[in-house]
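The values are calculated or read from the model by the stated rules, or taken from the named source; none is laboratory data. Keep in mind that this is a model prediction, so the values were computed, not measured. Cβ sites come from the backbone with ideal geometry, for glycine too, and all protein chains shown count toward neighbours. Surface areas here come from the heavy atoms of the whole protein model, side chains and all, with no ligands, DNA or RNA. Shrake-Rupley method; radii C 1.70, N 1.55, O 1.52, S 1.80 Å.
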Amino acid sequence: MKAMLYADWAVLKQTMRQMLIVFIVLTLAAVTMESISFIYMLTIMLMIMVPMTLFAPDPTVGWERYSLSMPVCRKDIVWSKFAMSALFAGVLTVLAVLVTIAFAVFGLDKDFVFNIAGLLFCQGIGLLLSGVVMCMTVRWGTEKARYLFMAVVWTPILIGFVISKMDLPEIALVETIQQASDIQILGASVIALVVGVLLDLMFGAITVRIYKKKEF
Amino acid sequence: MENALEIQGLSKKYAQFALQDVSFAVPCGCVMGLIGENGAGKTTTIKAILNLLHRDAGEIHVFGMDTIAEERAVKEQIGVVLEDGNFPQFFTAAQADGFMSRAYKNWDKDAFYRYLSRFGIETNKKIKDYSKGMRMKLSIAAALSHHARLLILDEPTSGLDPVVRDEVLDLFWEFLQDDDHSVLMSTHITSDLDKIADYITFIHEGRVLFSEPRDELLETYGVLKCTSAQLDALDPKAVRASRRGAFGAEALVRRGMVPQGWPVESVNIEQIMLFCTKGEN
């Protein structure tokens, strides 16, 4: 697995700089909008891009085929990519926490606990979605996975947007969140993060099974 | 003599093509040339050896080890050069070394850098900036730098100019100086096999037509140019394949079964391949 971690890290480094620049630029935009949640959504989008980035070198040069001709097992190839995704998620989380602290210190958004809870919740969502994208990419290839994923992600977003524009009475969940204490919200977000991690691991196992059947 | 590679009853079916009951062996210390027209099944056979696809039937052993049950141990013994497989384009040779040293237990960094120096490959230049010849040399350097005992080469000289092809064949010669080393080489360039191969396996439409020592093949067969009537008069067992034209006939014949005095010309691997592919068998 060390060999694949080395290779995947080299692949990720290629785009890491661009992703960090995007993060910095959009953080500045978030500062002007005084909206920290914008950053959290950004971390989800960046995490989703990682699986496709990691599989990007192959179609053009047959890297996967070549690496499988060496003493590298298919399980290692998959778990290495999941490990890189998790590492990237960790880096984004640290950066987002620093931004959240800065927002609180400079008075841009003082609801620190609620924001951290939101961040953890988004990281759980991000890990789940990156696991889904990894699975789709292995099963259908980068291009098809990209289209399928857009359909999977945008459908609930569009439905939610339409519902939000309708004049509906507030649902019980919204009232519950508004009445919950900071500890309860933080606890729920930690649970969401743990669930995200577990689902990511589950998708990892599914991806290994798919990858073992693949032919090159 | 132990076989470096043994394939028995290998079969793999696709919608438009099937590899059927492919069997051959590469003895230790020998070069096996794997020939066949485009789409014959050469690359499919190599992919089956490397477990890049799941075979429907058959067994494959490398130095007595099953390629599925002992996959990792088998791949430690094999150096691979693929026509359509290479390092990521943004890799440098130094990064290729970094990867290979973590993939192979017996990776020899010094040997790798000696090959790079010999080939004039810069260690910090990205592979996307290499010429085709340099990329192939990098793959060959990687294949030769972990003390492999068997080289599996899929079109290693394809697209290379004659000078580079000659350099590459010299490398394989050096590799073969050790009696424990063997080579399986799939190629369309049969003139390379005329220089280097000990055995020839010919795959046609997914089946092995023959797998024989090259010298025996070239001594056994010859080309007879005659009239159609003369061809008809020959013992059918003497004729392996034939082609008839408006002005006569050509046949790939077994020398020993042709009547004395009939002019049988010497043959090369390419001619054998053409007769077996295009001729009437």
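Restricting attention to the range A:75-83, does a residue exist that is at pLDDT below 90, within 21 Å of A:Leu129 (Cα to Cα) and within 14 Å of chain B (Cβ to nearest Cβ)? Let's see the steps before the verdict.
Taking the range A:75-83 and keeping what is at pLDDT below 90, we get none.
Among the residues of the range A:75-83, not one is at pLDDT below 90, within 21 Å of A:Leu129 (Cα to Cα) and within 14 Å of chain B (Cβ to nearest Cβ), which makes the answer no.
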So the check is Cβ under 6 Å with 6+ separation or different chains; which pairs have a first residue in the range B:125-149 that's in contact (Cβ under 8 Å) with a residue 24 or more places away in the chain and over 24 Å from B:Glu174 (Cα atoms) and a second one that's of a type in the set (S, T, N, Q) and crowded, with 18+ Cβ neighbours inside 10 Å? B:Lys126/B:Thr92
Does the range A:101-108 contain at least one residue that is buried (at least 20 other Cβ atoms within 10 Å of the Cβ) and not aliphatic (A, V, I, L, M)? yes
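Considering only residues that are within 26 Å of B:Ala73 (Cβ to Cβ) and surrounded by fewer than 17 Cβ atoms within 10 Å (Cβ to Cβ), which ones fall in the range B:1-24?
Initial filter on the range B:1-24 (within 26 Å of B:Ala73 (Cβ to Cβ)): B:1-12, B:19, B:22-24.
B:Met1, B:Glu2, B:Gln8, B:Gly9, B:Ser11, B:Ser23 - these are the residues of the range B:1-24 that are within 26 Å of B:Ala73 (Cβ to Cβ) and surrounded by fewer than 17 Cβ atoms within 10 Å (Cβ to Cβ).
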Here the residues within the range B:193-214 that are in contact with a Lys or Arg (Cβ under 7 Å, 6 or more places away or on another chain), surrounded by 22 or more Cβ atoms within 10 Å (Cβ to Cβ) and not hydrophobic (A, V, I, L, M, F, W, C) are B:Tyr199
Identify all residues within the range B:37-46 that are open to solvent by 40 Å² or more (accessible area, probe 1.4 Å) and within 15 Å of B:Ile7 (Cβ to Cβ); write none if there are none. B:Thr43
Residue check, A:Asp109 in contact (Cβ under 8 Å) with a residue 12 or more places away in the chain and within 14 Å of another protein chain (Cβ to nearest Cβ): no
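Scan B:Glu37, B:Glu59 and give me the residue that is more than 10 Å from every other protein chain (Cβ to nearest Cβ), among the acidic types (Asp, Glu) and in a strand (DSSP E or B). If you could, list the steps in order and put the result at the bottom.
Working: B:Glu37 fails: in a strand (DSSP E or B).
On inspection, the qualifying residue turns out to be B:Glu59.
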So which of A:Leu201, A:Leu128, A:Leu168 ends up being at pLDDT below 90 and hydrophobic (A, V, I, L, M, F, W, C)? A:Leu168
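Taking the range B:105-118 as the search range and keeping residues that are in a helix (DSSP H, G or I) and not charged (D, E, K, R), which one is farthest from the other protein chains (Cβ to nearest Cβ)?
Step one: of the range B:105-118, the residues in a helix (DSSP H, G or I) are B:109-118.
With the extra rule that they be not charged (D, E, K, R), the set shrinks to B:111-113, B:115-117.
Details: B:Ala111: 16, B:Phe112: 14, B:Tyr113: 18, B:Tyr115: 17, B:Leu116: 18, B:Ser117: 23 Å.
The qualifying residue farthest from the other protein chains (Cβ to nearest Cβ) is B:Ser117.
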Identify all residues within the range A:132-153 that are in contact with a helix residue (DSSP H, G or I) (Cβ under 8 Å, 6 or more places away or on another chain) and hydrophobic (A, V, I, L, M, F, W, C); write none if there are none. A:Val132, A:Val133, A:Met134, A:Cys135, A:Met136, A:Val138, A:Trp140, A:Ala145, A:Leu148, A:Phe149, A:Val152, A:Val153
For a quick check of your reading: which strands (runs of 3 or more DSSP E) sit entirely within the range B:203-266 and have at least 3 residues that are over 30 Å from the mean Cα position of the chain (by Cα)? none
Quick one: A:Ala7 ticks every box in (1) within 14 Å of another protein chain (Cβ to nearest Cβ); (2) open to solvent by 10 Å² or more (accessible area, probe 1.4 Å); (3) modelled with pLDDT of 85 or more bar one, so which box is it? (2)
Only residues that are surrounded by fewer than 21 Cβ atoms within 10 Å (Cβ to Cβ), closer than 21 Å to B:His146 by Cα and aliphatic (A, V, I, L, M): list them for the range A:71-100, please. none
Taking the range B:65-104 and keeping only residues that are open to solvent by 60 Å² or more (accessible area, probe 1.4 Å), more than 8 Å from every other protein chain (Cβ to nearest Cβ) and over 20 Å from the mean Cα position of the chain (by Cα), one is left with B:Ile68, B:Ala69, B:Glu70
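Tell me which residues, restricted to the range B:173-192, are small (Gly, Ala, Ser) and either in contact with a Gly (Cβ under 9 Å, 6 or more places away or on another chain) or crowded, with 18+ Cβ neighbours inside 10 Å (or both).
Matches in the range B:173-192: B:Ser182, B:Ser186.
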Restricting to the range B:119-154, give me the number of residues that are open to solvent by less than 10 Å² (accessible area, probe 1.4 Å) and assigned to a helix (DSSP H, G or I). 7
Go through (1) touching a helix residue (DSSP H, G or I) at 6+ places or on another chain (Cβ under 7 Å); (2) more than 30 Å from A:Ile210 (Cβ to Cβ); (3) aliphatic (A, V, I, L, M); (4) without any contact (Cβ under 8 Å) to a residue 60 or more places away in the chain and name the single condition A:Ala89 misses. (2)
A:Lys13 is checked against (1) under 30 Å from B:Leu50 (Cα atoms); (2) buried (at least 17 other Cβ atoms within 10 Å of the Cβ) and fails just one. What number does that condition carry? (2)
